[in-house]
Every structure is written in structure tokens, then in C-alpha cells.
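Have a look at the structure below, then the notes.
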Amino acid sequence: MSQTTDKPARFMPSAGPAEAELAAWADLARDEHVRRYQELFNHIDCSTFTTDRPDDILAAAQKRVAT
């Protein structure tokens, strides 16, 4: 049985993972890590250019988390 079907939650790589997500990620096989990163980078948002600076992106993310 694949490790992904054993996991109740579907999680993707994150810049700020929770401890439970870190543990679940560590339990996955390397090929599953690669597959999930490929899925993430194939998302349309990864093909969009922006003029935002890293500080702007971080501030927007912090604002979303605060709300």
C-alpha cells in the first residue's frame, strides 16, 4: 500500500509547516516528495511572473495568517 493512502491528510510542501506536517512529510518516501514538488511546481501560480519583492510577498502572507 502506498504511503500516501495511509495518510488521512493531504499536505504539500510548505514554507511554514506545522510539526505534524513535518512528521508526516518525513514519513513519505523520496519519490513521493519528488512527485508532490513536481505537482506543486506545475501549478499555474508557479508560471506567473510578479513584480512583488520577497518582502512584499512575506508581508502579504503574514497578513493572511493574522486574519
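Please treat every number below as a calculation from the coordinates, not as lab data. Keep in mind it's a predicted model, so treat the numbers as computed, not measured. When we count neighbours, we look across all protein chains shown, and the Cβ atoms used for this are built from the backbone with ideal geometry, even at glycine.
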From DSSP H assignment alone, runs of 4+ in the chain each adding -39500 (n - 2.57), the sum over residues rounded to the nearest 500 puts [θ] at 222 nm at -16500 deg cm²/dmol
Semi-axes of the range 27-66 from the Cα gyration tensor (sqrt of 5 times each eigenvalue, largest first, whole Å) come to 26, 15, 8
Ranked output for segments 46-54, 14-22, 32-40 by mean other Cβ atoms within 10 Å, highest leading, reads 32-40, 14-22, 46-54
One checks the Cα atoms of the chain and finds Rg and Dmax, in Å, of 14.6, 44
